[in-house]
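Worksheet for the structure shown next.
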């Protein structure tokens, strides 16, 4: 794969692809995607000829070059070269959708994602826990298995204060865990993308693709903000988990016509009194998944 600069000032990423690959040509205000065709390019004085898909960033949008390159690099991270027809279609589809609608993701969203990835990174069972993470981006809890769930609350401050929806503390028939991750902004800390890279190392290509896809959905394609925001853990209690029955909550009478109750809870003292190691919660997810397969 190559990055080329045209005489007209356009930046072009050339992805090696078989000549038979079917690619629909598209053009937006800032970029275009061409069908597979033969290109001849000058690489350090040597002519290279081959079949490529060209993703072009137009010269008048050069201010978006950083985002453009970062997103393409992220999408092709685990893809072979030349990419297969199915992989190429997925990369181009995701690039078109995410780059065209790209917006600045909120600090709160990135922070929440950081906490969830931090839990995966510290679970000691990357592959198994990733499989239990967000079956869809709209799931009620962050991690779910047949017999266990895990909700991650991430907060930037001095105390383990988190907001809960009343229904989150009612639990269900499963073993319901909560982890409180207290973070502090730190220029020398880790970003979401740093954590993602660490987690992806032992994963299969399929698992890595799924993980990256979920992360991109949450970030809405804004990898720049995700790489700039960095945190570190501020409290060792973030390495603890607590069952929902140990978290205080109010009683809402049945039939009272009250719905969607939210309140804040300081979990600090409860984590000290009732907290278990984080691996107890992540291990329960893995064990419950294994039990369901037996």
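Rule-based calculations on the coordinates, nothing more; no lab input. These numbers come from a predicted model, not from an experiment. Cβ: placed from backbone, ideal geometry, glycine included. Neighbour counts: every protein chain shown.
Modelled spin-label separation between residue 261 and residue 107, with each label point placed 7 Å from Cα along the Cα-to-Cβ direction: 3.2 nm. Looking at the chain only, what percent of DSSP beta bridges run antiparallel? Nearest 5 please. Of those bridges, close to 80 percent are antiparallel. Here the simple spin-label model places points 7 Å from the Cα toward Cβ, and for residue 276 and residue 147 these points are separated by 1.2 nm. Kirkwood radius for the range 1-71, taken over all pairs of different Cα atoms as the inverse mean of 1/r, rounds to 12.6 Å. Helix 205-219 axis versus longest C-alpha principal axis of the chain: approximately 80°, rounded to the nearest ten.
Take the Cα of residue 170, step 7 Å toward its Cβ, do the same at residue 37, and the gap between the two points is 6.0 nm. Note on the chain: with a GNM built from Cα contacts shorter than 10 Å, the maximum mean-square fluctuation among 39, 74, 126 falls on 39. Note on the chain: with a GNM built from Cα contacts shorter than 10 Å, the maximum mean-square fluctuation among 184, 257, 66 falls on 257. Just 17, 59, 46 to compare: in a GNM of the chain, with alpha carbon springs under 10 Å, which one fluctuates most? Sorting by GNM fluctuation, first place goes to 46.
Taking every alpha-carbon pair in the range 153-289 and binning the separations at 10 Å intervals from zero gives 10, 30, 36, 20, 4, 0 percent.
When the alpha carbon coordinates of the chain are projected onto the principal axes, the ranges are 71, 44, 41 Å, largest first. Relative contact order for the range 1-159: 16 percent, from Cα pairs under 8 Å spaced at least 6 residues apart, divided by residue count. Relative to the dominant Cα principal axis of the chain, helix 107-121 is inclined by about 80°.
Helix content alone sets the calculated 222 nm mean residue ellipticity of the chain: runs of n ≥ 4 DSSP H residues at -39500 (n - 2.57) each, divided across all residues, give -10500 deg cm²/dmol. To the nearest ten degrees, helix 278-293 and the longest principal axis of the Cα atoms of the chain are 80 degrees apart. Shape index of the range 1-140: Rg/Rh, with Rg the Cα radius of gyration and Rh the Kirkwood radius from the inverse mean 1/r over Cα pairs, equals 1.04.
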